[in-house]
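Following: one structure in structure tokens, then a few remarks.
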Amino acid sequence: MPHARYALALLLGTTQVAAAQTALDRQADTAPAARAASTSVPLPELTVIETRTPVPLSHVGSSVTIITGEELRERQIIQVIDALREVPGLAVSQTGPRGGLGQVRIRGGEGNHTLVLLDGVKMNEPNNNEFDMSQLTTNEIERIEVIRGPQSMVYGAEAAGGVISITTRRGEAGRPRVNASIEGGSFGTTNLRGSVSGGGERYDYNLYGGRFATAGTVTAPGGREDDGYRNYTVGARAGVRVTDNLRIDGTFRHTGSRGDTDGQSYVTGLAIDTLDNYRASSTVGRGTATLNLFDGRLENILTLSGGAFERESRLANRLQSRTNTDRLRTEYQANIRLFPNAVTTIGFDWQRETNRQLLFGTLQRFVAPDVQNTGFWAQQQIDLFDRLSLTGGVRHDENDFFGGATTYRFTAAYRIPAWGTKFRGSYGTGFAPPSFGEMYFVPSASFIPNPNLRPERTRGWELGVDQEFLNRRVILGATYFHNRVEDFIAFDTGNFPFRLNNIGVNEAQGMELTARVEPTSWATISASYTLTDSSIVSSVTPSQNGLQLVRRPRNAASLNVTLRPVEQARINFGLVYNGTMQDSFFGTGGGRRTLSPYTLARIAVSYRIMPQVEVVGRIENAFNQRYQEVYGFQPPGRAAYGGVRVSF
């Protein structure tokens, strides 16, 4: 297939991962030694997501949440979408069971306002400008960073609401290391993973793969058919320091999946048993060359990345439609450090996206014109008086279809070290052009495209405070946010066939509360609460004014407790609460339906029976909640899993 040849050429011709990430890896490599030495001055936790340069988290003015690989392993989370349920400000919805469409909305934004990066590669599919989070397993993932609020100034169009940056594990110096795990449990589920990693003084590598499969559960209310799902992933990450000033990095990841799906009644709006299924694949890669000049005062980062995405819809294994989309992207970033307390960044990026769709029933074929986007951006960071950190930047994009767009962002963080206090705030703008799929997909009897859609434009601001107590054993945070989207795109369910329109203006405002407590050396407690008041404030259909935005709960909360009673054992208990929310009704008459609140509980236990062997077990949905995140589609009930992890 053309996209497969393209992906192979990309893999053979490029190598990756962003140089800024190297600083995080160095921190991860040295942090254990620092803790072992019981130093009185711990290394600061770094993040690259706000500025695309390594910055201490205490200097960041935006709301950032970090989930480490260790936390993922302690909680035994298999898919990234389940880890994101515990992040404040995020609304997560999945259409039924494993493999059902997974969407993540940040602070009232849409799913296509959330940019997803994997080792710096854009994962959002050009067909709909968003990424199906149900397809991403936690296999070899070492870090997840989430930044909330418009980030288009740094990342471009897809980041109109926020960014989720995911980093895979880097090989460590020393003898090759092998990790493997096998799990099984409810609903005929198996999960196999393995990796080989290592490195030397000037190089590192990590090769990995995995397969997840489940016979599934009944999705349709009152139905009898189990909807199964299979996912396999292979990937690699490697880097080499060619000289003291030049490093080359590369990453590659391929995911293939097959899932059973149910149709939907356009009378009742409920899922109904059908023989529908899909096959999807994504192949992404990135190569980065980093050259430091003038004793590190000028850091040059040149990147080539790309992705090929394919999705087939089938009925009784007969192909109904196929969509192929590709993205090719190149970036240059210069970090200039003329003064110890300031960093000036200048960036350029260019990308081309293609889209092809074929409907087999009628042999209709659509090939969208290539869309090219060119962006220029500049950013200034400065630290003053060892207390105040300021960041400001501006970006201009030129798009083939929608012309020019200028976005900007400003952040500030003020620290009072003696009190353990940080005040922070940010203001930013964003834009989100309509996708290929919204404007030009092959029409069906139920849905038709709209080629006249206009780009959505966003702006948002936040004010927050973080407070530390008892030498960081207690950390509390509070944030107020306000976002506004103009020309927002939504389904007009009042007319049939359904189509997307620029409805008007929506707003979301609220607060996020966080807490992290370490009452003892062997216990960690984290909690969050989010209040989101989202609504349509101005609509072309006046009757919609004041309506709550769909699939955004007003109240959401999480609780996570990890216990380490002995060195070999881990006990984790997690709760996720999702309050009442609205959803679109695609049955007779259209309109809205109310989804009831629910609470999901997870219990995970692990014990290392010998240095190389660990046994694990967990219960998901321990309360056996019956709930819906998308109207008419049932997620799984209570499930239990167990397995073994080995490393040598």
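The values are calculated or read from the model by the stated rules, or taken from the named source; none is laboratory data. Being a predicted model, the structure only gives us computed values, none of them experimental. Cβ placement follows ideal geometry from the backbone for every residue including glycine, while neighbour counts extend to all protein chains displayed. These area figures cover heavy atoms from the full protein model, side chains too; ligands, DNA and RNA do not enter into them. Shrake-Rupley method; radii C 1.70, N 1.55, O 1.52, S 1.80 Å.
Some notes on this structure:
- Looking at region 166-211, the trypsin sites (Lys or Arg not before Pro) that sit in a DSSP loop and have at most 13 other Cβ atoms within 10 Å of their own Cβ are 202.
- Computed FRET value (nearest 0.05) for residue 513 with residue 45, which takes r as the C-beta separation and R₀ as 22 Å: 0.60
- If you take all other residues with their beta carbon under 11 Å from the beta carbon of residue 452, and give Lys and Arg +1 and Asp and Glu -1, the sum is +1.
- Karplus-derived 3J(HN,Hα) values for region 634-648, using 6.51 cos²θ - 1.76 cosθ + 1.60 with θ = phi - 60°, are 8, x, x, x, 4, 8, 10, 9, x, x, 9, 10, 10, 8, 7 Hz; glycine and proline are entered as x.
- Cα centre as origin, Lys/Arg/Asp/Glu Cβ charges: the chain dipole, Debye: 740
- Shown here for region 104-206: GluC sites (Glu not before Pro) in loop regions (DSSP other than H, G, I, E, B) with at most 13 other Cβ atoms within 10 Å, namely 201.
- Peptide ranges 252-259, 161-168 listed from the most packed, as the mean C-beta count within 10 angstrom indicates: 161-168, 252-259
- Residue 190/residue 450 FRET efficiency (R0 30 Å; Cβ-Cβ; nearest 0.05): 0.10
- When the alpha carbon gyration tensor of the chain is reduced to an equivalent ellipsoid, the three semi-axes, largest first, read 35, 30, 27 Å.
- Ranking 418, 546, 198 by Cα position along the charge dipole of the chain, where only Lys, Arg, Asp and Glu carry charges on their C-beta atoms, puts 198 farthest toward the positive end.
- Accessible surface of region 580-648 [probe 1.4 Å, protein heavy atoms]: carbon and sulfur percent: 58
- Solvent-accessible surface of the chain, averaged per residue with a 1.4 angstrom probe and all protein chains in place: 41 square angstrom.
- Residue-span extension gain [residue 567 to residue 380] - 0.36 nm each, minus C-alpha spacing: 62.8 nm
- Rh by Kirkwood over Cα pairs, then Stokes-Einstein D for region 97-247 at 0.692 mPa s and 37 °C, µm²/s: 185
- Dipole of region 67-204 [Lys/Arg +1, Asp/Glu -1 at C-beta], most positive-end residue of 121, 174, 104: 174
- Projecting the Cα atoms of 389, 254, 305 onto the charge dipole of the chain (Cβ charges, centred on the Cα centre) puts 254 farthest toward the positive pole.
- Treating each Cα of region 90-151 as an identical point scatterer and summing with the Debye formula, the log10 of I(q)/I(0) at q = 0.17, 0.30 Å⁻¹ comes to -0.60, -1.49.
- Here the calculated FRET efficiency for residue 647 and residue 365, from their Cβ-Cβ distance with R0 = 45 Å, stands at 0.35, rounded to the nearest 0.05.
- Charge dipole (Cα centre; +1 on Lys/Arg Cβ, -1 on Asp/Glu Cβ; no other charges) of region 527-648 amounts to roughly 120 debye.
- Summing +1 for each Lys or Arg and -1 for each Asp or Glu among the other residues whose beta-carbon sits under 13 angstrom from that of residue 215 gives -1.
- Among the trypsin sites (Lys or Arg not before Pro) in region 281-359, those placed in a DSSP loop whose Cβ has at most 12 other Cβ atoms within 10 Å are 297.
- Ligands, DNA and RNA left out, the 1.4 Å accessible surface of region 394-548 is 60% carbon and sulfur atoms.
- Computed with every protein chain present, the accessible area of residue 461 is close to 90 Å² [probe 1.4 Å].
- Carbon plus sulfur fraction of accessible area for region 118-252, probe 1.4 Å, in percent: 53
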